[in-house]
1. Sort out which residues of segment A:72-81 are at the interface with another protein chain (Cβ under 8 Å from one of its Cβ atoms) and surrounded by fewer than 24 Cβ atoms within 10 Å (Cβ to Cβ), and write them in order of number.
2. Within the bounds of segment A:420-432, is there any residue that is part of a strand (DSSP E or B) and closer than 30 Å to A:Leu163 by Cβ?
3. Is it fair to say A:Val12 is touching a residue at least 60 places away in the same chain (Cβ under 8 Å), open to solvent by less than 20 Å² (accessible area, probe 1.4 Å) and touching a helix residue (DSSP H, G or I) at 6+ places or on another chain (Cβ under 9 Å)?
4. How many of the residues in segment B:39-58 are closer than 16 Å to B:Thr17 by Cβ and within 10 Å of chain A (Cβ to nearest Cβ)?
5. Does A:Asp90 satisfy being without any contact (Cβ under 8 Å) to a residue 40 or more places away in the chain and out of contact with any Gly (no Cβ under 7 Å at 6 or more places or on another chain)?
6. Under the condition of being small (Gly, Ala, Ser) and either in a strand (DSSP E or B) or open to solvent by less than 10 Å² (accessible area, probe 1.4 Å) (or both), which residue from segment A:85-99 is nearest to the other protein chains (Cβ to nearest Cβ)?
7. Can you pull out every residue in segment A:218-237 that is touching a strand residue (DSSP E or B) at 6+ places or on another chain (Cβ under 6 Å) and assigned to a loop (DSSP other than H, G, I, E, B)?
8. Quick one: A:Thr350 ticks every box in (1) without any contact (Cβ under 8 Å) to a residue 60 or more places away in the chain; (2) farther than 24 Å from A:Ile299 by Cβ bar one, so which box is it?
Protein chains: 2
Amino acid sequence: MTETKRRLNLNVGLNTTGYLPHAWKYRSGTRHDINDPAYYRRLSELAHRGRFDAVFFSDHPALLTDPHSRPFHTIDPLILAASLTAQVPDIGVVATISSTYNSPYNLARRTQSIDIVSGGRLIVNVVSSFNPNVAANFGNDPLPPRSERYARATEFLDVAKKLWASWDPRREGDVPEDQFWDASSAHSIDHDGTYFHVRGPLNVPRGPQGHPVIAQAGASEGGIDLAARHGEIIYCNILSRPAGRAFGRKVRDRAVSFGRDPSGIRIVPGLVVILGETREEALRKHELFSGTGSEDGLIARFIRENGLDPATFDPDAVLDAERFVPDQNRQWAVGMGLGLSELLAHETLTARQVVRRSEGHHRLLLGTPEEVADGIIDLWQDGTVDGYTLQPPRAPDDIVEFVEKVVPILQDRGVYPREYDGRTIRDRYGLPYPV
Amino acid sequence: MTETKRRLNLNVGLNTTGYLPHAWKYRSGTRHDINDPAYYRRLSELAHRGRFDAVFFSDHPALLTDPHSRPFHTIDPLILAASLTAQVPDIGVVATISSTYNSPYNLARRTQSIDIVSGGRLIVNVVSSFNPNVAANFGNDPLPPRSERYARATEFLDVAKKLWASWDPRREGDVPEDQFWDASSAHSIDHDGTYFHVRGPLNVPRGPQGHPVIAQAGASEGGIDLAARHGEIIYCNILSRPAGRAFGRKVRDRAVSFGRDPSGIRIVPGLVVILGETREEALRKHELFSGTGSEDGLIARFIRENGLDPATFDPDAVLDAERFVPDQNRQWAVGMGLGLSELLAHETLTARQVVRRSEGHHRLLLGTPEEVADGIIDLWQDGTVDGYTLQPPRAPDDIVEFVEKVVPILQDRGVYPREYDGRTIRDRYGLPYPV
């Protein structure tokens with residue numbers, strides 16, 4: 001990999017009405033947007049205007065039927081990736097897929113196919129499903145235990161990498177005139193593992209990126225292992241510099257312990273931005289978009305979510321980090337709860353302060369466009385993070401605001417490109433091509 | 001369904017270098033076309049110019065590594081469908097998928113997603129995989145027996161139909177201002193069957209076609225059952241009028257026996273067309289494209305494929321139909337062998353005549369554009385078939401020739417449209433919308 005000037009990488013999450021469940025009340029558009037292909041095209045064009053590296057579709061193969069919330073994941077991410085890259089140039093797509101409920105052959109084939117048809121613009125975010133509602137859509141078996149799900153995810157990616165490399169036209173020798181191809185450019189993989197038995201070869205050849213870039217999102221111990229072995233773009237929640245440095249060090253050290261060169265790892269945590277003409281205006285929008293309505297409401301939610309006693313809790317007392325370490329064995333995503341405990345481990349904060357530091361488990365930046373740009377550059381410039389995955393509370397509104405108000409500042413400060421550079425996602429992230 | 005003027009439906013098969021394994025030697029282009037997205041776009045634009053209803057991607061999730069043939073199926077059909085419909089207007093896509101090696105939830109979701117992003121242009125061709133090379137890419141289990149594979153395919157489509165209908169925004173009642181949606185528009189399906197246990201609902205709503213059009217391709221008894229229960233567009237091999245009428249009656253009678261209205265079934269068999277300035281020129285091209293080199297070569301291949309004794313076989317003697325009935329229990333696709341025995345059951349033919357009646361198991365039309373147009377209209381005009389799935393020996397060459405030379409004749413004769421009519425594939429095929 002040639003060394004080029006380091007630059008900020010930005011992805012943007014696109015999920016129906018936006019990232020925050022209650023913010024739809026303040027968005028423009030109608031409920032029909034969420035299944036309208038023109039809407040996703042418009043959001044992707046907007047992301048292109050903002051020179052985002054990729055749009056990010058998180059996923060969950062089950063319908064959340066809470067009547068008081070809204071569907072969060074509908075159109076399949078792989079299908080959106082294939083369709084949107086055909087319509088919008090340059091932009092990459094992060095497609096989330098479950099290693100628990102897909103077969104490696106089909107998935108390796110479909111993702112390599114997208115990488116080919118898009119000219120090298122696919123990032124696959126392999127997740128281990130953790131929700132019983134998902135399991136119920138795929139048979140009678142209960143969800144496997146976390147350790148097994150991560151072991152399976154790891155082997156899933158081992159198999160996918162073998163398949164992605166199994167047919168490589170660069171291995172072709174001379175082809176006699178009466179033959180179409182050199183069939184020895186493809187070879188079987190004969191994978192015979194714990195969870196998967198796959199002969200191969202894949203019937204799709206190596207793509208423009210070698211194979212799609214691999215994103216990884218778990219922050220439990222199993223998730224860190226998976227990130228260290230296979231992850232190239234790490235989506236996580238990092239709420240402060242010390243927490244971010246500790247997290248990055250942990251992933252990279254783990255990679256080294258597995259014999260992997262850690263220079264192929266990029267840390268691109270989630271980020272919620274709420275802009276205002278003034279910080280005060282941004283604070284009020286935060287109270288609305290969070291669905292809590294006021295600062296007292298934010299504090300009441302904090303008390304409720306953390307199982308504290310509202311009668312005795314003092315929102316202006318310093319919080320104890322130990323109190324907020326999540327249980328590694330709980331059902332839902334462990335990583336989502338880690339941000340808060342990591343934050344408190346390094347900073348002395350009250351609940352009143354903490355509720356303004358994160359939203360939807362991610363770092364929250366509130367204020368004027370200049371303040372937000374400062375906050376983004378702050379953790380990027382010393383390498384704590386390599387970029388961010390913007391999670392707009394409302395789509396399209398908060399993407400429009402970010403593109404119009406924050407992006408020009410980042411460009412003026414010379415940390416973010418004015419035009420697309422490179423050909424593939426690997427080029428833009430400075431990631432190595434697999435050999 | 002409103003009765004409109006009946007018109008010919010045409011699909012065109014797109015598979016790497018074309019339908020016939022040896023014809024690539026006479027095609028334009030390079031071997032790199034087969035994994036070049038621009039190539040598939042160009043073929044689809046060509047199909048659009050010819051006003052084809054759909055491009056058809058057959059499939060097989062394994063790489064055929066015969067060094068003397070060429071890869072026939074590479075980029076995933078679902079991904080091609082999503083990408084090509086985003087780039088080329090109007091045209092539909094038939095995407096072949098295996099009911100043996102996909103889960104109904106993922107497949108129902110991905111196909112409904114494509115139907116939505118394409119505005120109602122997806123046809124799914126559900127096949128039961130029959131090849132041990134495919135099985136070896138999906139685990140250690142041997143291929144299930146044919147009867148089980150068809151039972152599974154039938155239940156697969158039962159589940160898919162329930163899922164496709166499980167979230168229907170038309171069921172929405174009044175939605176209070178503080179709610180985003182009426183969650184009762186989605187309901188679980190609680191399917192508890194022999195092969196599948198799926199709770200639902202699907203997280204993608206009903207699409208523009210209700211659900212994607214269902215194509216079906218098997219002609220064994222299990223395949224006929226599946227076509228009669230679920231098939232809307234039936235891809236098959238029909239080599240003569242009596243054989244076609246018998247086949248159509250069989251499928252429709254079976255549908256009635258299952259309590260299904262047979263008016264929602266269209267017979268669209270495969271068709272190989274080889275054009276020449278004269279019939280003689282077309283015969284010579286047939287000998288080249290088939291890889292046999294001469295009429296004697298065609299006859300020698302017939303002898304070999306049917307296990308006859310070359311020492312005693314007389315190519316000018318009348319053939320006995322009984323001799324050519326395929327074994328229902330053999331591994332590979334039974335339906336592919338049925339065309340010949342059905343042809344011989346109704347016509348008195350010699351081997352010399354028979355080798356010019358089909359190629360690649362499908363009806364073969366050889367001759368001038370006028371002769372080919374006559375042959376197409378012949379079986380269509382009395383309803384023996386509803387249209388054809390053109391299988392060009394070479395791509396792009398034989399699609400170009402057909403579009404430039406045959407399509408204008410069909411249009412001049414008033415049987416084929418000059419412009420796209422209708423909005424969805426259901427509109428163009430006159431197929432009912434699911435309730």
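1. The answer is A:His73, A:Thr74.
2. no
3. So A:Val12 passes the test.
4. Selection size over segment B:39-58: 1.
5. no
6. Of segment A:85-99, the ones small (Gly, Ala, Ser) are A:86, A:92, A:95, A:98-99.
Narrowing the set further to residues that are either in a strand (DSSP E or B) or open to solvent by less than 10 Å² (accessible area, probe 1.4 Å) (or both) leaves A:92, A:95, A:98-99.
On the way: A:Gly92: 15, A:Ala95: 11, A:Ser98: 9, A:Ser99: 13 Å.
Looking at the filtered set, the residue picked out is A:Ser98.
7. Selection gives A:Gly231, A:Glu232, A:Tyr235, A:Asn237.
8. For A:Thr350, the failing item is (2).
The values are calculated or read from the model by the stated rules, or taken from the named source; none is laboratory data. Bear in mind that the values here come from a model prediction, so they are computed numbers and not experimental data. Glycine gets a Cβ as well: all are built from the backbone with ideal geometry, and neighbour counts include every protein chain shown. Heads up: the accessible areas ignore ligands, DNA and RNA and are worked out on the full protein's heavy atoms, side chains in. Shrake-Rupley method; radii C 1.70, N 1.55, O 1.52, S 1.80 Å.
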